[in-house]
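The values are calculated or read from the model by the stated rules, or taken from the named source; none is laboratory data. Nothing here was measured: the structure is a model prediction, and the numbers come from that model. Note that each Cβ is placed from the backbone with ideal geometry, even for glycine, and that neighbours are counted across all protein chains shown.
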Ligand code: 2X7
Ligand code: FE2
C-alpha cells in the first residue's frame, strides 16, 4: 500500500558525501555488474560498509542524489519516470562498469523539487523520457549505499555553470537549488537521505595498470591535492561547514575537484550547513583521485545536547 505523507512534516535525516568511482562497484562483484574483479580499494569499500550499517538504523522514505556525470547544459534536470531499467556503461571504464539497473523513482518528490526551484527562478526540467539511461555516478553512489535498491530515488543532474561561467556562479546556483530542495522535502512530508556523488581532488592518472585492481599502483596523484583534501576533511570533522563553503570555489579550482558539479554545495545547503562534526568513514584514492565517505547524521545530532547549534542552522 502506498504510504501517505503528511504535508509539511518532511525533513532531511542524513546527508553523505558518497563518491562514485566505478572501480568500487567493480571490486564488490555484485550480480548487476558484468565484469569480475579479484579485490581492490578495500578502505573505501569498507567505509561504504560502515555508512550502510548506519543507514540501516535510520527510518527514511527516499534517497536524493546529485551526480556530476549527468551533465546537463540548460538548467538542472530531475528524473521523472516511475521505473527505469536498463544497462549503464561507464564511457571511460567500460571494462569495469556495465551495470544492469532497475530503479524506482519518487516522481512526486522530483516534481516538487522542480516546482520549488522553478518558483525561485532556477531553470529546471523534469526528465520524462522512459528510455533514458541513468549515468554511472548516480548508480554507483546509490548501489554502494543501497545495494538492494530498496528505496526510491530522486536524481538531479549537474548543470554546466562551472564550465560556462565560474565556480562562484555555480556555488550561488547550487545554494539556491539546495534551499529549494530542502523546502520541497519539508513540504512533501518525506524523510530523505541526501547523497553528494562526488570525489574530492580529481587529478588522475591517464594510464591504467594491466590489472586495474593491482593496488601496488594506487596512490594520490599529487601531494598538493592531498593537502587540499585533508584541509576540507579536517573542517568537516570539526563541524566547520561554513568554512568548507567559503573555500569551496578555491578548493575546486586548485584541486580540480569534482565539487565543480555543485553536488557538495547543494547538499550542505539543503542540510542547513550543519555545524556538527561529520563522521569520516574512509578516505582513499582511485586512479589517483581523492575520495572521502563522509556522513552528517542530522537525526542523531538533534538528540545530542552538544549539537544544539544545529537548530540555528537553517538556510
Ligand atoms: O568518475 C570517476 C571519478 N570521479 C573518480 C575516479 C575514477 C573514475 O571515475
Ligand atoms: Fe566522477
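Residue check: residue 270 meets all listed conditions (1) more than 21 Å from residue 50 (Cα to Cα); (2) in contact with a helix residue (DSSP H, G or I) (Cβ under 6 Å, 6 or more places away or on another chain); (3) surrounded by fewer than 24 Cβ atoms within 10 Å (Cβ to Cβ); (4) modelled with pLDDT of 95 or more but one, namely (3). Being in contact with a helix residue (DSSP H, G or I) (Cβ under 9 Å, 6 or more places away or on another chain), over 24 Å from residue 25 (Cα atoms), surrounded by fewer than 19 Cβ atoms within 10 Å (Cβ to Cβ) and in contact (Cβ under 8 Å) with a residue 24 or more places away in the chain is a description that applies to residue 240. On the stretch given as the stretch 78-97, residues that are without any contact (Cβ under 8 Å) to a residue 12 or more places away in the chain and either surrounded by 24 or more Cβ atoms within 10 Å (Cβ to Cβ) or touching a strand residue (DSSP E or B) at 6+ places or on another chain (Cβ under 6 Å) (or both) total 0. Selection within the stretch 103-118: residues that are over 20 Å from the mean Cα position of the chain (by Cα) and in contact (Cβ under 8 Å) with a residue 40 or more places away in the chain. The member of this set that is surrounded by the most Cβ atoms within 10 Å (Cβ to Cβ) is 116. Whether a residue is closer than 26 Å to residue 191 by Cβ, within 16 Å of ligand 1 (Cβ to nearest atom) and in a helix (DSSP H, G or I) was assessed, and residue 108 does not pass this test.
Annotation note: of 185, 175, the sole residue that is over 19 Å from residue 294 (Cα atoms), in contact (Cβ under 8 Å) with a residue 12 or more places away in the chain, in contact with a strand residue (DSSP E or B) (Cβ under 6 Å, 6 or more places away or on another chain) and away from ligand 2 (no atom under 16 Å from the Cβ) is 185. Among the residues of the stretch 200-254, those that are touching a strand residue (DSSP E or B) at 6+ places or on another chain (Cβ under 7 Å) and assigned to a helix (DSSP H, G or I) comprise 225, 226, 229, 233, 236, 237. Check whether at least one residue in the stretch 37-50 is assigned to a strand (DSSP E or B), more than 18 Å from residue 139 (Cβ to Cβ) and away from ligand 2 (no atom under 16 Å from the Cβ), and report yes or no. No.
Among 203, 275, 304, which is in contact with a helix residue (DSSP H, G or I) (Cβ under 8 Å, 6 or more places away or on another chain), closer than 30 Å to residue 5 by Cβ and surrounded by fewer than 21 Cβ atoms within 10 Å (Cβ to Cβ)?
Checking each option against the conditions leaves just 275.
Under the condition of being more than 22 Å from residue 171 (Cα to Cα) and outside any strand (DSSP E or B), the residues counted in the stretch 64-97 number 11. Of the residues 47, 75, the single one that is surrounded by 14 or more Cβ atoms within 10 Å (Cβ to Cβ) and either away from ligand 1 (no atom under 16 Å from the Cβ) or more than 18 Å from the chain's Cα centre (by Cα) (or both) is 75. Evaluate the following for residue 100: is it surrounded by fewer than 15 Cβ atoms within 10 Å (Cβ to Cβ) and part of a strand (DSSP E or B)? Answer is yes for this residue.
In the set (1) closer than 29 Å to residue 172 by Cα; (2) without any contact (Cβ under 8 Å) to a residue 60 or more places away in the chain; (3) touching a strand residue (DSSP E or B) at 6+ places or on another chain (Cβ under 9 Å); (4) not in a helix (DSSP H, G or I), the condition left unmet by residue 121 is number (3).
Across the stretch 82-122, the number of residues qualifying as within 16 Å of ligand 2 (Cβ to nearest atom) and touching a helix residue (DSSP H, G or I) at 6+ places or on another chain (Cβ under 9 Å) comes to 9.
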